[in-house]
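Note sheet for the following structure.
What follows is calculated from the coordinates using simple rules that are stated; it is not laboratory data. Everything numeric in this text was worked out from a predicted model, so none of it was measured. Neighbour counts run over all protein chains shown; Cβ positions are idealised from the backbone, glycine included.
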Amino acid sequence: MDYLTPGKVIRLEADDLLVLSYLKSCWRETIFGGTVTVGIERSEVELGKVERTKTECQAGQMQLTPQQANQSAGMVFRGKPSHASGSAGTSEPQFTLHGLSPLIEAKGGGTLVIERLDRPGETLVLPLGKEVLLRNCCYDFARAGRALSAGGIYRASLGAQQTVFQVDPGAKPGQTPILGRLLHFQPAN
């Protein structure tokens, strides 16, 4: 998984396949061959074939930090992770995940704590060292064989950052589309 900037041009051979997910528009594109120009909400494809499917996400409610907005089209997260004194201190969900097996983006690692708020007593503590992070940035519940509970409300904390989210009651476990299960934390400074 890589983040791409708008305007990036990717040339594919006839038998190459590229899959792009746009978090702003909720489009998932499967592109076969041709020349791809990455856009903000969808790609432009020349001399290739593109199949677009709409995925479940909360388009328009996702936000970029000012730094990310200047650098990235795909570096998006749902609900700004806040500090302990921020809005995540409440039990009101900031967004909904549409997969039971989140993909946690936590560059720099740390200790991830996921606490179930609607059923107290369920807490998961995960040390996110380099040995468990994919590409030194992400922890994939699906690859680890883990899942949260459908309909659950959770608080995820990584260092001083927290976010509260709910899991869609109809969510499925495993490697569902990334944009429906991505949970992003800013790197620690």
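Return SER21, SER149, SER43 ranked ascending by Cβ neighbour count within 10 Å, so the fewest neighbours appear first.
Fewest-to-most ranking of SER21, SER149, SER43: SER149, SER21, SER43.
Which ³J(HN,Hα) values in Hz, rounded to whole numbers, follow from the phi angles of segment 168-182 under the Karplus curve 6.51 cos²θ - 1.76 cosθ + 1.60, where θ = phi - 60° and Gly and Pro get x?
Using θ = phi - 60°, the values come out as 3, x, x, 5, 10, x, x, 7, 6, x, 4, 5, x, 9, 7 Hz.
Hey, fewest Cβ within 10 Å first, where do VAL113, VAL45 land in order? Write out the running numbers ahead of the final one.
On the way: VAL113 15, VAL45 20.
Ordered from fewest to most neighbouring Cβ atoms within 10 Å, VAL113, VAL45 come out as VAL113, VAL45.
Going by how many other Cβ atoms sit within 10 Å of their own, how do ASP16, ASP140 line up, fewest first?
Going from sparsest to densest Cβ surroundings: ASP16, ASP140.
Considering the Cα trace of segment 9-54, what is its radius of gyration and what is Dmax, both in angstroms?
9.7, 28
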